[in-house]
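Beneath this line is the structure, given in C-alpha cells, with notes to follow.
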Amino acid sequence: MKTNLISIVATTAVMALFLSCDGPDYIGEENGHEYVNLDLPSGTMWARCNIGADRASGNGNYYAWAETSTKTNYSYSSYFYMDENNNSWKGYTKYTIPDGQYSAYWYEDYVFSGDRKTKLEDGDDVAFQSWGGKWRVPTNLQLAELKNECYWVYTTNYNDSGVEGFIVYKAKTSSDKGKNSKTSTASGSYDISSDANIFLPLSGYRYNLNVNRVGSEGNLWSSSLSEEYTDYANCLTYSSYGSASVSSLERIYGLNIRAVCVNPGDAE
C-alpha cells in the first residue's frame, strides 16, 4: 500500500510538471494557431502573431483590403475588385455603398447601383482563408475594443529582437484601460513573461512597390468597409508617438492582418 501511495504521488508530480510546461493558461490554440486571451468583454481571442509571420515580432504579410493573396505592387491597377476600364478610386466593383461619389463605378446616371456590402465575406477574409476554423479578420468593434480595453506598452526592442512596437497587455485595473506607456503611467507593474499580452510591431504599410514607415507606425485591417466612402476601409493605426486610433485607409494599401477568434474549440 505504501509503495502504491508513493507511486501515485510521484506520478501526480510528474503530470503537474508536464502540464506546467504547456505554457501560460492565457494561451490557447484554434485550428493549429495560437491565440491569447486578454479577457476582453466580447470574448475575442487575438492571434499571437500576424498572418504570414512565424513569431510575434515578425511583420508578416501585407494584404490589400478584401484580398487573400500577397503581391509586389499595391495599386489601383492590381486590385482584385477593380473595373479594368477604371483603374482609379472610382473603379471598385464589390463592397460599395451609396456615398454620393456619383462619378464612380457604383453609380449609373447618379443612381446608386452597387451591392451595399460592408463586411468581408468568408471568401474575401484572409484570416479564414489562411487559417480556417473560427479565425477571422477582426471587426471594427473588435479593433476598438483592443485599443480601449488594454494597456499598451511601447518598446524599441521587443524580446531582444530589435523590433519596435507595442506590447498590448490585459489591463490590470480599470484606470489602465485605453492608456499607453508613452502618455501615461500604469497603476501597477506589467511583466511580459507572466501577464497576458500580444505584440504589435510597427510594420508600416505597402503602397505601389514600396514598404513605408516601418518602425514608425503599424496598421491592421478590419473586416469593415468605411461608413463614409466606398474606396476606404477601417483599420487600427498605432504609431511610435504613442497614439492608437481606429481610422480608415484606401483599400489598395497593403496592411497586416492580426486574426481573431471567438469561442475557440467549440463546434461550428
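Every read-out reported here was derived from the displayed coordinates using simple, explicitly stated rules and does not represent laboratory data. Source: prediction; values computed, not measured. Ideal geometry is used to build each Cβ from the backbone, glycine not excepted, and the neighbour counts take in all protein chains shown.
GNM on the chain, alpha-carbon springs under 10 angstrom: the most fluctuating residue among Tyr110, Tyr35, Tyr154 is Tyr110. Restricting attention to the chain, lysine pairs at least eight places apart or on different chains and with alpha-carbon atoms under 12 angstrom apart total 6.
Normalised by the number of residues in the chain, the mean separation of alpha-carbon contacts (under 8 Å, six or more apart) gives a relative contact order of 24 percent.
Counting only Cβ charges, +1 for Lys and Arg and -1 for Asp and Glu, the dipole size of region 14-143 around its Cα centre is about 180 debye.
Remark: C-alpha extents of region 49-175 on the principal axes read 56, 36, 30 Å, sorted largest to smallest.
For region 91-118 versus region 59-74, the inter-centroid distance based on Cα atoms is 24 Å.
In the chain, helices alone account for a calculated mean residue ellipticity at 222 nm of -4000 deg cm²/dmol, with every DSSP H run of four or more residues adding -39,500 (n - 2.57).
Using the Cα coordinates of the chain, the gyration tensor eigenvalues translate into equivalent-ellipsoid semi-axes of 40, 21, 17 Å, sorted from longest to shortest.
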